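Input: a single structure, listed below in structure tokens.
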Amino acid sequence: MKLSKRYKKSSEVVDSEKSYSLQEAVELLNQFEKAKFDETVELSIRLGADPKQGTQMVRGTLSLPNGSGKDVKVIVFTDNPQEALDAGAEEAGLDELIAKIKEGWTDFDVAISTTAAMKQVRTVARQLGPRGLMPNPKSGTVTDDVSAGIKEVKAGRVEFKMDKTSNMAVIVGKRSFTCEQLCENVQSAISAIGNARPDGISGRYITNMSVSSTMSPGVTLAPSIYSEF
């Protein structure tokens, strides 16, 4: 893969053989040359969990204290669409919404469903599942308090889930955030992921962690930041 001049220039700022404190890492991130858009900042984690073991799956949600900075598009599967629309959902409904998704429409970031609607929502699991959009009780997207669910998602609730290679990436903000805001968000994410440690894991739970933005190289975080987990 050909690297951009911006990426190469940013790589010269960071020492790939060194790990940094959270404050140092975020300050380095802000020294990288910026793209023409407000890049998303992610926390990348390598876990010591076995994805083949169902008891070691790591998944959950967290509320970022300073929000994600993302304009989240939310749809709601419900037989009371007006309630969802009044609470800020972009689209809401049931049969028509399901039909639209079956035709290939997935222009949204989060799908919420009431408990009663899930039986019908499962008919589009093939369309939503591979994209990580299927409502799930563990991620807080199956709820009968639709208004609260929408507000939490739009206020900065993000989902984290380990993939098939034991890695995980969590949105923690935007490049436009202050260093303090990013540090607070990253600390909240680390705590949430650390506290989600499954009982079946022996040895190191978190083995590596770094922060990066959409167009930048990663900055490795010092193990002392997450050693308690």
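The values are calculated or read from the model by the stated rules, or taken from the named source; none is laboratory data. Quick caveat: nothing in here was measured; it's all calculated off a predicted structure. Heads up, the Cβs are rebuilt from the backbone with ideal geometry, glycines too, and the neighbour counts pull from every protein chain shown. Areas reflect the complete protein model, heavy atoms only, side chains present, ligands, DNA and RNA absent. Shrake-Rupley method; radii C 1.70, N 1.55, O 1.52, S 1.80 Å.
Values computed for the structure shown
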| item | result |
| --- | --- |
| Cut-off under 5 Å, modelled amide H: who pairs with Thr61 long-range | Phe160 |
| Dipole magnitude of the chain about its Cα centre (Cβ charges: Lys, Arg +1; Asp, Glu -1), debye to nearest 20 | 880 debye |
| Given charges at beta-carbon only (K, R positive; D, E negative), |dipole| of the stretch 67-124 in Debye | 300 debye |
| Of Lys36/Lys161; Lys138/Lys174; Lys52/Lys138; Lys73/Lys100; Lys73/Lys164, those spanning more than 22 Å from alpha-carbon to alpha-carbon | Lys36/Lys161; Lys138/Lys174; Lys73/Lys164 |
| Candidate aspartates and glutamates - alpha carbon under 14 Å from Lys70, same-chain residues fewer than 8 apart omitted | Asp38, Glu39, Glu42, Asp109, Glu152, Glu159 |
| Karplus 3J(HN,Hα) series, Hz, for the stretch 128-133 with 6.51 cos²θ - 1.76 cosθ + 1.60 (x for Gly, Pro) | 8, x, x, 9, x, 9 |
| Tilt relative to the chain, helix 179-195 - C-alpha long axis, 0 to 90 degrees, to 10 | 70 degrees |
| For the stretch 13-22, 3J(HN,Hα) per residue [Karplus equation, 6.51 cos²θ - 1.76 cosθ + 1.60, θ = phi - 60°, Hz, x = Gly/Pro] | 7, 9, 8, 5, 8, 10, 10, 10, 5, 4 |
| Rounded percent of accessible protein surface that carbon and sulfur make up, the stretch 85-229, 1.4 Å probe | 47 percent |
| Shape call, the stretch 139-229: gyration tensor on alpha carbons, a/c limit 1.5 | oblate |
| All-pairs Cα distance distribution in the chain, expressed in whole percent, bin size 5 Å | 1, 7, 13, 16, 16, 15, 13, 10, 6, 3, 0 |
| Built amide H within the under 5 Å cut-off of Asn208, gap 5+ | Arg46 |
